[in-house]
Number of protein chains: 2
Amino acid sequence: MTENTTGTHSEHQVVVVGGGFGGLYCAQALRSTPVKVTLIDRRNFHLFQPLLYQVATGGLSPANIAAPLRTIFNYQNNARVLMAEVTGFDVAGKKVLTKDGAAIPFDTLVVATGSTYHYFGKDEWAPLAPGLKTLEDATEIRRRVLSAFERAEREPDPAVRKRLLTFVVVGGGPTGVEMAGTISELARYTLRHDFRVIDPATARVLLVEGHPHVIPTFHEKLQKKAAEMLATIGVEVWNNCHVEAISPDAVTVCMSTTKEKRQIETQTVVWAAGVKASPLGKFLADAIGGGIEVDRSGRVAVGPDCSIAGHPNLFVLGDLALQKGADGKPLPGLAPVAMQQGRYAADVIRRRVKGESAPGPFHYWDKGTMATIGRSRAVAEAGPFRFSGLLAWLAWLFIHIMYLAQFSNRVLVLLQWIWNYMSRNRSALLITNERPAQGFDQGVKPAAK
Amino acid sequence: MTENTTGTHSEHQVVVVGGGFGGLYCAQALRSTPVKVTLIDRRNFHLFQPLLYQVATGGLSPANIAAPLRTIFNYQNNARVLMAEVTGFDVAGKKVLTKDGAAIPFDTLVVATGSTYHYFGKDEWAPLAPGLKTLEDATEIRRRVLSAFERAEREPDPAVRKRLLTFVVVGGGPTGVEMAGTISELARYTLRHDFRVIDPATARVLLVEGHPHVIPTFHEKLQKKAAEMLATIGVEVWNNCHVEAISPDAVTVCMSTTKEKRQIETQTVVWAAGVKASPLGKFLADAIGGGIEVDRSGRVAVGPDCSIAGHPNLFVLGDLALQKGADGKPLPGLAPVAMQQGRYAADVIRRRVKGESAPGPFHYWDKGTMATIGRSRAVAEAGPFRFSGLLAWLAWLFIHIMYLAQFSNRVLVLLQWIWNYMSRNRSALLITNERPAQGFDQGVKPAAK
């Protein structure tokens, strides 16, 4: 059935695996190309990951940063969406294999399934220190952060209270900086009138980073600015600091310069260090046979046209791809890279199907990167330009809204943000999913007197 | 610690258990009374339950209908909020007992913990047929409804596809009618361009009701109108119909007039029949000792001043209370009843603390009830007035927004609704929580070719 539903077999079938920035932009850019596009994702929505930290701190709701894929492709006649979990590839037979046993045929395959968090072999840390990749991660972190304040309010023992009011973010890249800054603001501003026993402003927020500076990929001057802003906002930054152990009650770190070990008593840890590629990269490489380069993170090497060497009909995009930039270094795992690769790959496919000459090699146009620190500060660099403070934050806001604009969320997100900004992020401060949905009260047992 | 944090012991301590309509309105109405109020709830937010069905069908987000309790009580100086699970009462010692071992002292106790779904002894139906009482229930139903369409799109077997596209709502009261109508509209309008294989408009939505008519508590004329509107919107109504069995693949019903049994093949069942009171009613009655009337549903009998006979400092409100109305019948479990009882009980407490005379007996001012059927139709009755159609729907909209207004959600909910209305409910059509948040990819295994 799946083999016949996309029209005559003579039409070129493009199967795109992954509805993130890479896959989505590729599938959309094929709208006027005489191909049939099948977009497959495990979820039914496209997630705007850069704003997950807002959901994790109760500033935005999941629906503000997620756009249902079917809505996006509603009127793209040559595209269909399949919600399915891809479990492998039959490269020789040109099929994508899914968990429920279906095999979706392709002429051209685009794999863009992104990355997930990497615990450097310590997978047991995952439940203790959630990363921030999915909506469920974000609402789970939100639940833990808000619950910590709630429990502290009820807690008679000052030592336990202190532990509950200590938050550790591991990883000082943009995600970690954004999380730490927002948790600190939550404590010092948003929640400040909410409690009667505790003073939330006494909460301690630590940001632990292995490099000598936060946001190590940014220019030195911006690293300094970011550090200053974090200090102003109340975040303690520990640089040159590696995590050695995580338990439900504490994090043990090692200061790499002095080899000193320190233990931080905490019950809320957020992981924003280390990513690795989705396992589908390796599955694809294995399915091809030998000789495909896959790096330690699981990224699949692709050539200048975003396809695997020797397999021009197999494209890998975004965080899953290992592609060298103009400077010979691998392109970073950033949203704009995936978006541009997506559009580029669509261009390659379109020209090929139409019998036109191939475009030049892919060139990443680095329009700059940004990181926010709290509700009115950010750092941004674009080429030789660097700026920080409120101006950078407004630029960040504008750019993010413009990107979300395409999915009809723009007005709502803008209004929600204006609302949040003025009311200091109260609307989505919900603790949910503490108990599974059962439709039935779990039967609280009466307490002994 | 909990005994000393609310000021001197000589101040009158009012403990309100439950942050729903009854408890919330009571606690708020005590703002100018010289008492200390402690509001305890298992959740950190007040939930506007009448709109849960909108979350369950992806029309609104959880944050649109939930207001964090701490935000509500931010500036009420005599009130504090405790997020805790109450497990019992020490009536003699005047303490409320919580799961983490704390004992919160009271001079006056107000218990308003509401109701939950009742499966008439068949608790095993609960995971198969979720009710609609909590946010998690709503997002779980949303997940099941949307996933059914997704799975049908991938399903090669027409019999299975038909089963996936059959939805059963059990219970034809306002909640059931609202759910069935909205699922039907979702299928016939909202999702109609979203799929390529299935035609969502062919989905079958059945509403199963034990009485001869839907909304049996409404006037006969409105029952007819509602039935007509449901038919227009594509809902099949089976009256005089009781559920005998629910399995993952089917629902078996018995037609009470003919004794005929029918089996409906379905994988999505929503429970909107039968409620029972929270177990805390019985715990309170047991804690008092003997002689307190508790009905079969678990509701605690209260006198004309909303307190338990012989215990003027113990109030029970809302769905948990069994109180006779002017006509001698028990007051219904509706939001306006709980709200009015909450304000009334606060008045009783205020006068008592100030040494003033007690107010007259509680009198429920029935301002009317409504039920919506889809996005532009409703039925409403207020005293001798009955109306239906678009006018009733606009009245419903206005009243609900006014109630939500108090929690600062008004502008946002209004805008979200306008947006939803114009875009036909797309924004929150997310399938979430299929996999628990782990911060770690679960390691998809490669499929055999």
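Efficiency by 1/(1 + (r/R0)^6): what FRET value for A:ASP295 and A:GLU220, r their Cβ-Cβ distance, R0 = 25 Å, to the nearest 0.05? Calculated transfer efficiency: 0.35. Taking B:ALA79, B:ALA245, B:ALA180 as the candidate residues, the one with maximal mean-square fluctuation in a Gaussian network model of chain B, Cα springs under 10 Å, is B:ALA245. Computed over the alpha carbons of the stretch B:120-272, Rg followed by Dmax gives 15.0, 46 Å. Taking all protein chains as they are arranged and a probe of 1.4 Å, the heavy atoms of B:ASP305 leave approximately 50 Å² accessible to solvent.
Residues of the stretch A:279-307 that bury at least 40 Å² of accessible area once all protein chains are present, compared with their chain alone (1.4 Å probe, heavy atoms only, ligands and nucleic acids left out), are A:PRO279, A:PHE283. Across the identical copies, the label point of B:ALA231 (7 Å from Cα in the Cβ direction) is separated from its matches by 7.6 nm, in order from shortest. Summing both sides, the accessible surface hidden between A and B at a 1.4 Å probe radius is close to 7700 Å². Helical runs assigned H by DSSP (4 residues or longer) give chain A a calculated mean residue ellipticity at 222 nm of -9000 deg cm²/dmol, each run adding -39500 (n - 2.57) before division by the residue total. Placing +1 on each Lys and Arg Cβ and -1 on each Asp and Glu Cβ, with no other charges, gives the protein assembly as shown a dipole about its Cα centre of roughly 1140 debye. Think of the protein assembly as shown as having a plus end and a minus end, set by charges on the Cβ of Lys, Arg, Asp and Glu; of A:VAL269, B:MET179, B:TRP125, B:MET179 sits farthest toward the positive end of this dipole. Using alpha carbons only, how many angstrom separate the centre of the stretch B:373-390 from the centre of the stretch A:141-207? Taking the Cα centre of the stretch A:141-207 as reference, the centre of the stretch B:373-390 is 47 Å away. For the protein assembly as shown, the square roots of the Cα gyration tensor eigenvalues, ordered a ≥ b ≥ c, give a/c of at least 1.5 with a/b no greater than b/c, which places it in the oblate category.
Rounded to the nearest 10 square angstrom, A:ARG161 shows an accessible area of 50 square angstrom against a 1.4 Å probe. The 3J(HN,Hα) values that the Karplus relation (6.51, -1.76, 1.60; θ = phi - 60°) gives for the stretch B:177-193 are, in residue order, 4, 5, 5, 4, x, 6, 5, 5, 5, 4, 5, 7, 10, 4, 8, 5, 9 Hz. Gly and Pro appear as x. Express the relative contact order of chain A as a whole percentage, based on alpha carbon pairs under 8 Å and six or more residues apart in sequence. Relative contact order for chain A comes out at 19 percent. Expressed as a whole percentage, what fraction of the accessible surface of the stretch B:280-406 belongs to carbon and sulfur atoms when a 1.4 Å probe is rolled over the protein heavy atoms? Ligands and nucleic acids excluded, carbon and sulfur give 59 percent. Relative to one another, the C-alpha centroids of the stretch B:235-253 and the stretch A:243-258 are positioned 57 Å apart.
In the assembled protein chains, A:ARG31 presents an accessible area of approximately 140 Å² (probe radius 1.4 Å). Label-point spacing for A:VAL294 across the identical copies (point 7 Å from Cα in the Cβ direction), in nm and ascending order: 5.9.
Mean partner shielding of peptide A:151-162, defined as the number of other chain Cβ atoms within 10 Å of each residue Cβ, is 3. Would you be so kind as to identify which of B:ASN74, B:SER147, B:PHE89 lies farthest towards the positive end of the dipole of the stretch B:60-158, taking Lys and Arg as +1 and Asp and Glu as -1 on Cβ and the Cα centre as origin? The listed residue farthest towards the positive side: B:ASN74. Would the stretch B:19-102 count as rounded, prolate or oblate if I go by the C-alpha gyration tensor, calling it rounded below 1.5 in a/c and otherwise prolate when a/b exceeds b/c, oblate otherwise? Oblate, because a/c is 1.5 or more while a/b does not exceed b/c. Legend: residues in the stretch A:184-222 shielded by at least 40 square angstrom of accessible surface upon adding the remaining protein chains to the isolated chain (1.4 Å probe, heavy atoms) are A:HIS193, A:ASP194, A:ARG196, A:VAL197.
Shortest first, B:THR257 label-point distances to identical copies amount to 8.5 nm, with the label point at 7 Å from Cα along Cα→Cβ. About the centre of its Cα atoms, chain B shows a dipole size close to 720 debye [charges on the beta carbon of Lys, Arg (+1) and Asp, Glu (-1) only; nearest 20 debye].
A Cβ-based charge dipole, computed about the Cα centre of the stretch B:1-130 with Lys and Arg at +1 and Asp and Glu at -1, lands at about 240 debye. Computed with a 1.4 Å probe over protein heavy atoms only, the accessible surface of the stretch A:21-160 comes to 28 Å² per residue. Ranking B:LEU230, B:ILE215, B:PRO279 by how far each Cα lies toward the positive end of the dipole of the stretch B:167-279 (charges on Cβ) leaves B:ILE215 at the top.
Return the carbon/sulfur percentage of the accessible area of the stretch B:4-147, one whole number, probe 1.4 Å, all protein chains in place. Carbon and sulfur together cover 51 percent of it. For the stretch A:156-164, backbone phi angles converted through the Karplus equation (6.51, -1.76, 1.60; θ = phi - 60°) give residue-by-residue couplings of x, 7, x, 5, 5, 4, 5, 5, 5 Hz, Gly and Pro being listed as x. Sort the stretch A:285-358 into rounded, prolate or oblate with this rule: let a ≥ b ≥ c be the square roots of the eigenvalues of the Cα gyration tensor; rounded if a/c is under 1.5, and if a/c is not under 1.5, prolate when a/b is larger than b/c, oblate otherwise. Here the stretch A:285-358 falls in the oblate category.
Once backbone amide H atoms are built at 1.01 Å from N, B:HIS46 has B:ALA67, B:LEU69 as its partners under 5 Å, excluding neighbours fewer than 5 places away on the same chain. Solvent-accessible surface of protein heavy atoms, probed at 1.4 angstrom with all chains present, puts B:ASP107, A:ASP199, B:ASP137 in the order A:ASP199, B:ASP107, B:ASP137, largest first. Largest accessible area first, the listed residues A:ARG192, B:ARG296, B:ARG80 line up as B:ARG296, A:ARG192, B:ARG80 when surface is computed with a 1.4 Å probe on the assembled protein chains.
Along its three principal directions, the equivalent ellipsoid of chain A from the Cα gyration tensor extends over semi-axes of 40, 25, 22 Å, largest first.
The values are calculated or read from the model by the stated rules, or taken from the named source; none is laboratory data. Please read all numbers here as calculations on a predicted model, not as lab measurements. Don't worry about glycine lacking a Cβ; one is built from the backbone with ideal geometry, like all the others, and counts go over all protein chains shown. The protein model used for the area step is the full one, side chains on, heavy atoms only, and it has no ligands, DNA or RNA in it. Shrake-Rupley method; radii C 1.70, N 1.55, O 1.52, S 1.80 Å.
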